[in-house]
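Trainee: What follows is a single structure, and I will ask about it in a moment.
No lab work stands behind these numbers, since they all come straight from the coordinates. Being a predicted model, the structure only gives us computed values, none of them experimental. Virtual Cβ from ideal backbone geometry, glycine too; neighbours counted across all protein chains shown.
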Amino acid sequence: MRFAIRESSPHRHVAAAYLVAGLVALTLASASLGAQDPTLPVPPVTDTTQREVGTVRQGDVLTVVVYNDAGRSGTYVINSSGVASMPGIGRLRVAGLTPVQVDKAIHDALLTVYQVPSFSVTIQIRVSVSGEVRNPNIYSVEPGTTLLQILTVAGGGTENADLKHARVLRGGRAYEVDMESALAGSQAGSILLFSNDAVIVGKKRGLTRENVGFILSGLSAVFTIINFALALK
């Protein structure tokens, strides 16, 4: 009995090779996209467009100037107990107070020394900015600093930044904010930051320049192998 052996057409080899290349490309793309962190579902910001600036917390800094009294003037850090110790003024528990309440607390303390206290208080709160920004860091800023201002301080987003789906972490909750529209002048840019807020800018999802470069380099390697295999036929 004879078995007929049919020689495969070279066109079939080429078609099969290109089909394999396409499947490899899709696999590479899926792997590249899968490596990105998923975006967390978060509620929209509804409580930060008011003119409330939050309260001071541990680690925030008070700069007190008592006019004509250098001994009572200085810069003081709110310690882990929420207290600012000021020479000639005393230990004031200020963590949890608003800037207006801090001002009143210092005024009342100075009433024991001056009939009409003359002083000024400057407060700096801490806000962290991380992720796809040019200068991630923990920044000391004044109460009332806006989301747009802190983005500017951090140098703006990188070319891979997903500004449209940035997040603000506050009090154990995450709020999604559209910082892309903030740059275009929307109300999102005027959202006020509180002490200990964390602003996180994630990476774009989908085909970024990095992903495309990775896929193309993979395709180049695949086609090199295919051409080599065809040359041996």
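Trainee: Using +1 at the C-beta of Lys and Arg and -1 at the C-beta of Asp and Glu, which of THR152, GLN101, TYR76 has the Cα lying farthest in the positive direction of the dipole of segment 72-157?
Mentor: Value computed over the given set: TYR76.
Trainee: Determine the shape class of segment 86-207: with a ≥ b ≥ c the square roots of the Cα gyration tensor eigenvalues, call it rounded for a/c under 1.5, and otherwise prolate if a/b is greater than b/c, oblate otherwise.
Mentor: The shape class here is prolate.
Trainee: List residues of segment 96-115, by number, whose backbone nitrogen lies under 11 Å from a label position 7 Å along Cα→C-beta of VAL153.
Mentor: Those under the cut-off are none; the list is empty.
Trainee: DSSP loop (so not H, G, I, E, B), at most 12 other Cβ within 10 Å: list which chymotrypsin sites (Phe, Trp or Tyr not before Pro) in segment 67-167 pass both filters. Show your work: numbers first, answer last.
Mentor: On the way: sites: TYR67, TYR76, TYR114, PHE119, TYR139; in loops: TYR67, TYR114.
Sparse-neighbourhood loop chymotrypsin sites (Phe, Trp or Tyr not before Pro): TYR67.
Trainee: What is the magnitude of the charge dipole of segment 59-169 about its Cα centre, with +1 placed on the Cβ of each Lys and Arg, -1 on the Cβ of each Asp and Glu, and no other charges, expressed in debye to the nearest 20?
Mentor: In debye, rounded to 20, segment 59-169 gives about 200.
Trainee: For segment 102-184, which GluC sites (Glu not before Pro) are both in a DSSP coil and crowded by at most 10 other Cβ atoms within 10 Å? Walk me through the numbers on the way to the answer.
Mentor: Numbers: sites: GLU132, GLU159, GLU176, GLU180; in loops: GLU132, GLU159.
For GluC sites (Glu not before Pro) across segment 102-184 that sit outside H, G, I, E and B with at most 10 neighbouring Cβ atoms in 10 Å, the list reads GLU159.
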